[in-house]
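Right, one structure below, let's go through it.
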Amino acid sequence: MSDRTTTKQKTRIESVTTQNVATEVSKVGVITIAAFGALVGLWSLACIVGGMTASGGPLAFVGDWFKAVTGM
């Protein structure tokens, strides 16, 4: 009879991920500003299209704009 010893080894792996809080806050800030910029751009485009529709076309829109700015 032979003497055998069985041992179990436990391997422990730790992974630590650190993220800079300032970087994450900056990402959220950039995304928020970009989203509001896109909304303002879409709103201004809708206003220009509405003004052209109310004036009767692009040339009439430009003419009406100059009349409104100059006060004539």
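The values are calculated or read from the model by the stated rules, or taken from the named source; none is laboratory data. This structure is a prediction, so every number in the text was calculated from the model and none was measured. All Cβ positions, glycine included, derive from the backbone under ideal geometry; neighbour counts span all protein chains shown.
In this entry, SER26 passes the filter for residues that are under 19 Å from the mean Cα position of the chain (by Cα) and modelled with pLDDT under 95. Contact map, segment 59-72: first residue farther than 12 Å from ILE48 by Cα, second residue in a helix (DSSP H, G or I) and among the polar types (S, T, N, Q), Cβ cut-off under 6 Å, separation 6 or more or different chains; pairs are ASP64/SER55.
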